[in-house]
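This report refers to the structure that appears directly beneath it.
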C-alpha cells in the first residue's frame, strides 16, 4: 500500500469534491421539471409518494460481516483499477448490479465509500469484447447508497469493471476502488455468485472483512425490508436438539432444484443486538435431495462450511448443479452451539429457507418436518416457508435490488419537484398577493367612484336646485315686476286709449313670456322665442323694466356674443334683468347705464345707476340673487361707488377658449 502526505491528500480531496459539485450544479436535472405545469408537478409528486410506499426500504445491516472488495489506495484519483469476474461458461446476461460499500458519516448519515467516479463495464467471451456501459461525474451517480443498475443484453463468459477515476474514501481521503457486491443476472439467476474474481492485487487485505471473493459472496449491506407483507417470527429451536438435527421439506412435486437461500434469524430488532450474527446457523451443514420421502435415494446437493464470521450474512445464497428432487433435507453436521449462563447445547434457527427451481421458490408454503421439537409456542416450522421475514415479504434478489435503485431515483427527484413546486407556490402567492391588492384597490376605486359620482350627482342636484330657484326668482320676479309696473302705467293711462292699449299689449307679451319660462324652467334655452339673442333680449328687458326711466346700453364686441354658450348667455341675461329690477325697485334710480364688453376670453357687464347706492363696505349688501347668479356663472362680481352717487355693479366672466371652440363646432 502506497503512502502519501496528509496535506496533499486533503488538498486533492477538496479539489475533487469542488469539481464534482461544480459539475453537479451545471448538469442538475431540475430544469426538466421547470417545463411541467403545476398540475403535472403535483401529479408527479403524488405518483412518486405513492410508488415510494410500495418500494423496499433502506435498512442497514449491523453486527460483523464481510464488507466487499477494496483495492490498494492512491494519492490521486487518476489511477486505474479493475476487477474481472469469470462466469461459468458463455451465458446470456441482461443486467449488472453494482452494490456500493456503505460508510456511516457522523454528520450526513450513510454514503457510498470508494465508489468509482469514472468507469466502464465490459463483458465478452474469448472472441468478443463489448462495452456495455460507461459512467463519469457528469452522470451524477453519486452520492448514493443504493445499488447501481446497468441494463444490458449480451452473451458473456466474463465481465470486467475498469475504473479510470477513483473517489476519495471517507477514512483518510486516499483514493481507492471499493464495492460491496457485483451481481450479474441472467433472468433471475445471479450467475456471478461465488465465481472466480481477478484483480491486480490478489493479496489485498487477505483475511479481513474485505477480499476479492467477498465481491461475489451474495452479501449486501442491506437487510431485506419490503414495503408489503406481515411480520413473521423466525423459527428457532430450543437448546439441546442433538448432534445432527435436520429439517425436511416436501416440495409437493419433483423440481430441478439448483439454488438455496438461507435467511438468518433477524437480529436487528434490538439495539445493540443481543446475539451474534451466526446465531442458529450450523457451522457445517449438508443439503440432500431425493425423490422419495424416506431418502432411500439421497443425493448431496451442497455442503456448506463456515470458516469465519465473514461467511455468515442475513441471506446465505448458494448455487449448485440442478437436481430433480421432491424432498429436501438440511442436516446440521456441526450444529451451532448456544452457550449462556444457564444452559448450553445445540440449536438451529432460520427466518426462511428458499429452494429455487428455474428462478422460482418451490418451497413457498410447503410443509416442513424436523428431527426435533421446538418447545416454544411462539415459534413455528411454518414460518420457514411462509415467504416472510421480520419486516414483511421476502422479495426475489433482483427485484429487491431494483426497488432500492428505484427508491434512490425517486428520492432524488422528489426534493427537486418540491423545490420547483415551492417556487411555483411562492410565485402564485406573490401573484395572489398582487391580485388581492389589486382587488382591494379596485373595490376602493369602485367605492370612491360611487362616492364621487354620488357627490357629483348631489352637487349637480344642488346646482340644479340653485339654478331652478335663481331662474324662478330672476325670470319670474323680473316679469312680475314688469307686469306690475305696466299695470300701474295702464291705470294712469285710462283716459288715453292708445297708451292703455299699448300697455295692455305689453302686459300680454310679458305674461306669455312668463308662461313659456315656467314651462321650460329646467332648461329655458329650449323655449322657442323666449331668447332671441343676448343683445336683443337686453334691449327688450331694459325697455320693459325701465319703461319710465332713462336708460342707455352700450355693447362692444357683438361678433363674439354669439360664440358664448347659450347657458352662459341665459345666465348673463338673467343677471342683467335682476340688476335692472334692483335699480328700479330698490335703488330709486332715475337713470341706468349698461355697458357690455365682449373681448375673449372675458365678458364684462357693468350696470350703473344714480340711485341710493350700496352703503355697506365691500359690497356686503349686494343682493343675494345677484351673488347666486354670479356663482352659477362662475364669474366675479364687484361693486363700485361713482363720485356722482349711486352704484355700479360689474360682472367679470371668463370664457374658456375650448368652450368657444366647442360652441363654434
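Residues in region 392-418 that are more than 27 Å from the chain's Cα centre (by Cα) and in a helix (DSSP H, G or I): how many? So the count comes out to 9.
Residue-by-condition table, conditions (1) modelled with pLDDT of 95 or more; (2) touching a helix residue (DSSP H, G or I) at 6+ places or on another chain (Cβ under 9 Å):
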residue	(1), (2)
82	yes, no
96	yes, no
126	no, no
137	no, yes
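One residue alone among 596, 660, 651 is at pLDDT below 90 and either more than 18 Å from residue 554 (Cα to Cα) or in the same structural domain as residue 562 (by TED's automatic domain parsing) (or both), and that residue is 660.
Kindly evaluate residue 461 against the criterion of being part of a helix (DSSP H, G or I), exposed (fewer than 12 other Cβ atoms within 10 Å of the Cβ), at pLDDT 65 or above and not assigned by TED's automatic domain parsing to the domain that holds residue 545. First the steps, then the outcome.
Working: part of a helix (DSSP H, G or I): yes; exposed (fewer than 12 other Cβ atoms within 10 Å of the Cβ): yes; at pLDDT 65 or above: yes; not assigned by TED's automatic domain parsing to the domain that holds residue 545: yes.
In short, yes.
Yes/no per residue for (1) in the same structural domain as residue 210 (by TED's automatic domain parsing); (2) touching a helix residue (DSSP H, G or I) at 6+ places or on another chain (Cβ under 7 Å); (3) under 24 Å from residue 188 (Cβ atoms); (4) loosely packed, with under 15 Cβ neighbours inside 10 Å:
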{"position": "287", "(1), (2), (3), (4)": "no, no, yes, no"}
{"position": "292", "(1), (2), (3), (4)": "no, no, no, yes"}
{"position": "313", "(1), (2), (3), (4)": "no, no, yes, no"}
{"position": "320", "(1), (2), (3), (4)": "no, no, yes, no"}
{"position": "336", "(1), (2), (3), (4)": "no, no, no, no"}
{"position": "341", "(1), (2), (3), (4)": "no, no, no, yes"}
{"position": "349", "(1), (2), (3), (4)": "no, no, no, no"}
{"position": "357", "(1), (2), (3), (4)": "no, no, yes, no"}
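Checking 242, 229 one by one, the residue that is more than 26 Å from residue 390 (Cα to Cα) and surrounded by fewer than 19 Cβ atoms within 10 Å (Cβ to Cβ) is 242 and no other.
Of the residues examined, residue 345 is one that is outside any loop (DSSP other than H, G, I, E, B) and at positive phi. Look at region 117-137 and say how many of its residues are surrounded by fewer than 17 Cβ atoms within 10 Å (Cβ to Cβ) and over 24 Å from residue 174 (Cβ atoms). Residues in region 117-137 being surrounded by fewer than 17 Cβ atoms within 10 Å (Cβ to Cβ) and over 24 Å from residue 174 (Cβ atoms): 8 in total.
Those residues that are on the phi > 0 side of the Ramachandran plot and surrounded by fewer than 15 Cβ atoms within 10 Å (Cβ to Cβ), I need them from region 359-388; list them, please. It would help to see each step written out before you state the result.
Narrowing region 359-388 to residues on the phi > 0 side of the Ramachandran plot: 359, 365, 375, 387.
359, 365, 375, listed by residue number.
Going by what's in this entry, would residue 247 be described as in contact with a helix residue (DSSP H, G or I) (Cβ under 8 Å, 6 or more places away or on another chain), within 24 Å of residue 326 (Cα to Cα) and modelled with pLDDT of 90 or more?
Values: in contact with a helix residue (DSSP H, G or I) (Cβ under 8 Å, 6 or more places away or on another chain): yes; within 24 Å of residue 326 (Cα to Cα): yes; modelled with pLDDT of 90 or more: yes.
Against the criterion (in contact with a helix residue (DSSP H, G or I) (Cβ under 8 Å, 6 or more places away or on another chain), within 24 Å of residue 326 (Cα to Cα) and modelled with pLDDT of 90 or more), residue 247 qualifies.
Exactly one residue out of 598, 583, 587, 547 is part of a strand (DSSP E or B), surrounded by 15 or more Cβ atoms within 10 Å (Cβ to Cβ) and in contact (Cβ under 8 Å) with a residue 24 or more places away in the chain, and it is 598. Look through 147, 143, 151 and report the one residue that is at pLDDT 95 or above, surrounded by fewer than 21 Cβ atoms within 10 Å (Cβ to Cβ), assigned by TED's automatic domain parsing to the domain that holds residue 119 and closer than 26 Å to residue 413 by Cα. Result: 151 is the single residue among 147, 143, 151 that is at pLDDT 95 or above, surrounded by fewer than 21 Cβ atoms within 10 Å (Cβ to Cβ), assigned by TED's automatic domain parsing to the domain that holds residue 119 and closer than 26 Å to residue 413 by Cα.
Here 169, 165 are screened, and the one residue that is more than 16 Å from residue 95 (Cβ to Cβ), touching a strand residue (DSSP E or B) at 6+ places or on another chain (Cβ under 6 Å) and modelled with pLDDT under 95 is 169.
Which one of 508, 467, 567, 513 is under 25 Å from residue 632 (Cβ atoms), at pLDDT 75 or above and in a helix (DSSP H, G or I)?
567
The values are calculated or read from the model by the stated rules, or taken from the named source; none is laboratory data. Quick caveat, the model's predicted, so the values are computed rather than measured. Heads up, the Cβs are rebuilt from the backbone with ideal geometry, glycines too, and the neighbour counts pull from every protein chain shown.
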